[in-house]
1. Looking at (1) assigned to a loop (DSSP other than H, G, I, E, B); (2) within 20 Å of the chain's Cα centre (by Cα); (3) more than 12 Å from every other protein chain (Cβ to nearest Cβ), which is the one condition that is false for A:GLY32?
2. Can you confirm whether the range A:91-106 contains a residue that is facing another protein chain (nearest Cβ under 7 Å), over 29 Å from the mean Cα position of the chain (by Cα) and either in contact (Cβ under 8 Å) with a residue 40 or more places away in the chain or in a loop (DSSP other than H, G, I, E, B) (or both)?
3. Is there any pair linking a residue in the range B:403-432 that is assigned to a helix (DSSP H, G or I) to one that is surrounded by 24 or more Cβ atoms within 10 Å (Cβ to Cβ) and of a type in the set (D, E, K, R), with Cβ under 8 Å and at least six apart or on different chains, and which?
4. Please determine, by comparing only the residues of the range A:136-156 that are of a type in the set (A, V, I, L, M, F, W, C) and facing chain B (nearest Cβ under 8 Å), which one is surrounded by the most Cβ atoms within 10 Å (Cβ to Cβ).
5. Restricting attention to the range A:107-117, which residues are facing chain B (nearest Cβ under 9 Å) and crowded, with 23+ Cβ neighbours inside 10 Å?
6. Any residue in the range B:187-214 that is in a helix (DSSP H, G or I) sitting within a Cβ distance under 6 Å of a residue that is hydroxyl-bearing (Ser, Thr, Tyr)? List the pairs, counting only those 6 or more apart or interchain.
7. Please verify whether the range B:309-327 includes one or more residues that are within 26 Å of the chain's Cα centre (by Cα), within 18 Å of B:GLY254 (Cβ to Cβ) and surrounded by fewer than 18 Cβ atoms within 10 Å (Cβ to Cβ).
8. Look through the range A:40-88, keep the residues that are within 8 Å of chain B (Cβ to nearest Cβ), surrounded by 13 or more Cβ atoms within 10 Å (Cβ to Cβ) and in contact with a Leu (Cβ under 8 Å, 6 or more places away or on another chain), and return whichever of them is modelled with the highest pLDDT.
Amino acid sequence: MAKHTAPKRELLALYAEPDQAADAVARLREAGFDDTDVEILSSTPYPEGAFGEGHTKHRLFAFPFAGAACGLAVGTAWVVGAQVSLPIITGGKPVVAVPAVIQILYEGTLLGAVLFTVLGVLFESRLPDGVGLYDDRIAEGYIGVSIMAREHRLPDAQIALEEAEPLDLLSKEGSLMQAPGAA
Amino acid sequence: MQEPVVSDTRTANRELLDFVFSWPKWFFAVGGALNGLLVAAVAVVILMLMFGLQFLGYSHPVYWGFLIVNFVFWIGVSHAGIMVSAILRLTQAEWRRPVTRAAEVLTIFSLLTAVQFPLIHSGRPWRTMYWTFPYDWNRGAWPNPRSPLVWDPSAIFTYLTSTILFVYVALLPDLALARDRAPNRISRAIYGVLALGFRGTTRQWRIQAIAGLLLSAIILPIFVSVHSIVSWDFAVTTVPGWHNTVFAPYFVIGAVHSGVSAVVTVMIVMRYAFGLKRFIKRDHIDSLARLLIVVATVWLFFFMLDLFFGLYGTEPAEVDTWQRRLVEPPWVVIAITFIICAYVIPVPMWLFRGVRRSFFWMFVTTILVNVGMWLERYMVVVPALERKSGLTFTYGDYAPSLSEFILVAASFALVILGFLTFAKLLPIMPAADIKEGQILADRIKVGRANVPAAMRE
């Protein structure tokens, strides 16, 4: 029971080639790790499925619609409120004249859609993120494969990652790879 | 058609971040000169605040002069950025990669510059908040949302906010790259905060790709609305020469014409100033020139429509305005110059492949377009106001003052300085996008031809 409640720890392996990273992901899967615990890090977007990962599920498409509805509501409240608060009758037209304020409703709707989309991007990208393991070498083109595993499963994860011949293997404490020639 | 960029990730990083982490001497010289112009403009604005709009040379009946012309011009330039970027993203055009960021950044600084001019033009900038902000300021007088004075700020605010967010979202991977390559702790910390901990997970890349498409699709209608609303500043009045239903599309397409030309100019300057010769290629300006041929011709069509509608009704006031614009000096000279600069010279030249693929000729012709388009806005604004109308008994001829010329020059300085500062602090080319292009680029053999291909999901 305690094994299932133990906190997860992260390992990060760096690979020079996409094939090696894909191999590491496959080996982790074979070792019984769940796809949700595996992350692939790269400085460049690779086509979806390049590392054998599954389809990314997200709800980003819902955000602009929610934002547009909120934007329209705020825009309507503003223009109606402003016109009712200071009723100026011009040319016998209604105080709340929709054709004359439709531009503002339009802009409000689209502004809401943009704001919510950006919030959606941050939410769905899991940003801000300040806790995940990372290595600057990823920016140079190396591909990182990160695994979150419970303490008792860490050796299995390490073996799976090492079988794919990483350039380096990191934990929060530092590199787990022995330098060439070290005892 | 595209020549693939063939450099590995490390080389690409170094080249794309070179300007960010180095301090070329010319940067200080150019920055100093531009700041000098801005100081002169601030002095002019302070004097204008002290002595009123008359200091700028305005008198009845022409109160909309260089300031409003410049406002319309920079709003126009701002349109290309987002249009080019959004359309190219939506169509997933391969050649978009080096173009998008510069175009978007040009939009931001053109818009920020454009906004200054109605504020200065108001004579008392701080009072503009009474007209635009949705609050009664304890005066019992709310802003009138039925006025273009409120439509305009709402459209520009939406456009500016959206563009900044659009750029920021697309910039996240490059901020992470700058964080990883930063030469010292302070810059690493700053880029780190701005990057929000972006690590480049497959999920983050997927969301980035979708966000680019989604935001492009949302921003395109904003882009169309902004210049339409700017055109309605004129068209909803009853001033002959302005009161025209064709104004909205005419302004939008004119904005695209001047804006795309500005993007080409900026890219050519970037190619040499920032050492990006390997990324900005002849293919890119060739593609943009082809787009410009279509845009310029549509713009000319709308100009002719505006003229035709003005004359066809034989309204005396309308005909009088067009006569002033096209026949009477000095307007006839300006009219001929703007048509020659914006269409007659550049478009026939762009029909030749050699011109489209020449950085020199494209630089010259796109500058000409923007000279022409600036004069076009001048032609739209001033002659219509100069027309003598009934029950108006005081007239003064409008002639631009030295102060106005300084403000116009300073507006160019502000845009260039903003662009330069951005490029100094952040990658002006989307590094991740360019590197993705390298990964996806391949060459395939078709018969005896060896042609570039790009694999896409």
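1. Only one criterion is unmet by A:GLY32, namely (2).
2. Yes, the range A:91-106 contains at least one residue that is facing another protein chain (nearest Cβ under 7 Å), over 29 Å from the mean Cα position of the chain (by Cα) and either in contact (Cβ under 8 Å) with a residue 40 or more places away in the chain or in a loop (DSSP other than H, G, I, E, B) (or both).
3. Short answer, once both residue conditions are applied: B:ALA431/B:ASP174; B:ALA432/B:ASP174.
4. First, the residues of the range A:136-156 that are of a type in the set (A, V, I, L, M, F, W, C): A:138-139, A:143, A:145, A:147-149, A:154.
From what's left, facing chain B (nearest Cβ under 8 Å): A:138-139.
Working: A:ILE138: 22, A:ALA139: 24.
Within the range A:136-156, the match that is surrounded by the most Cβ atoms within 10 Å (Cβ to Cβ) is A:ALA139.
5. A:GLU107, A:GLY108, A:LEU110, A:LEU111, A:ALA113, A:VAL114, A:THR117
6. Filtered contacts from the range B:187-214: B:ARG203/A:THR56; B:GLN204/A:SER125; B:ARG206/A:THR56; B:ILE207/A:SER125; B:LEU214/A:THR117.
7. Checked against the condition, which is being within 26 Å of the chain's Cα centre (by Cα), within 18 Å of B:GLY254 (Cβ to Cβ) and surrounded by fewer than 18 Cβ atoms within 10 Å (Cβ to Cβ), the range B:309-327 yields no hits at all.
8. A:PRO64
The values are calculated or read from the model by the stated rules, or taken from the named source; none is laboratory data. Source: prediction; values computed, not measured. Note that each Cβ is placed from the backbone with ideal geometry, even for glycine, and that neighbours are counted across all protein chains shown.
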